[in-house]
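**Student:** Next up is a structure, given as structure tokens.
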Amino acid sequence: MSASLFEHLPADDLAGFAPAARLDELRRGKMKRVEINGAPVLLAVLDNPDHIAGIEVVAFTALCPHALGDLSYGALDNGEVDCPDHGYRFDVRSGACVFPKLGPSLRTYPVRVLADGTVLVKVERPKWMSPIE
Ligand code: FES
């Protein structure tokens, strides 16, 4: 998931989002690992001429859905990350597995960038991890 820069959003739209980084800590084409609610998350700034300032911020899990390889050590290139363990490749915007074609999808997270440069990410636990009521 991604977001336009400098969105001005009502507070209600930010429910569940947590501060993850500052925009000036992120480098174009590089990944930054953070922890949000105990989950390892990678942030990346990608070129996107359709967005304000020509960039967008994306967030996705650092754990490869194939066998939990650490994507922090993978290579990010042209909006795709390669897993260092077995070479699966994922589109970090959509989460789609681009190699092999029928591989599992990468979990992505919604991002908001505030006017002051704070990058917010919403990490939701899958329903199966929620406590039974
Ligand atoms: S653990 Fe990532 S490709 Fe196997």
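FYI, it's all coordinate maths here, none of it is from the lab. Note that the structure is a prediction, hence the values are computed from the model and not measured. Because the Cβ atoms are built from the backbone with ideal geometry, glycine has one as well, and the counts that use them run over all protein chains shown.
**Student:** Could you tell me whether the stretch 98-106 includes any residue that is more than 13 Å from the ligand (Cβ to nearest atom) and surrounded by fewer than 16 Cβ atoms within 10 Å (Cβ to Cβ)?
**Tutor:** There is at least one residue in the stretch 98-106 that is more than 13 Å from the ligand (Cβ to nearest atom) and surrounded by fewer than 16 Cβ atoms within 10 Å (Cβ to Cβ).
**Student:** Report yes if some residue within the stretch 119-131 is touching a helix residue (DSSP H, G or I) at 6+ places or on another chain (Cβ under 9 Å), charged (D, E, K, R) and assigned to a loop (DSSP other than H, G, I, E, B); otherwise report no.
**Tutor:** yes
**Student:** Here is a follow-up. Consider residue 49 carefully, then state whether it is of a type outside the set (A, V, I, L, M) and in a loop (DSSP other than H, G, I, E, B).
**Tutor:** The answer is yes for residue 49.
**Student:** Could you check how many residues of the stretch 42-91 are among the aromatic types (Phe, Trp, Tyr), surrounded by fewer than 18 Cβ atoms within 10 Å (Cβ to Cβ) and within 8 Å of the ligand (Cβ to nearest atom)?
**Tutor:** 0
**Student:** How do the pairs read when you match residues in the stretch 57-75 that are of a type in the set (Phe, Trp, Tyr) with residues anywhere that are buried (at least 19 other Cβ atoms within 10 Å of the Cβ), using Cβ under 6 Å and keeping only pairs 6 or more apart or on different chains?
**Tutor:** Pairs found: 60/42; 60/92; 60/106; 60/108.
**Student:** Determine if the stretch 103-110 includes at least one residue that is free of Cβ contacts under 8 Å to residues at least 12 places away in the same chain and either in contact with an Asp or Glu (Cβ under 8 Å, 6 or more places away or on another chain) or part of a loop (DSSP other than H, G, I, E, B) (or both).
**Tutor:** no
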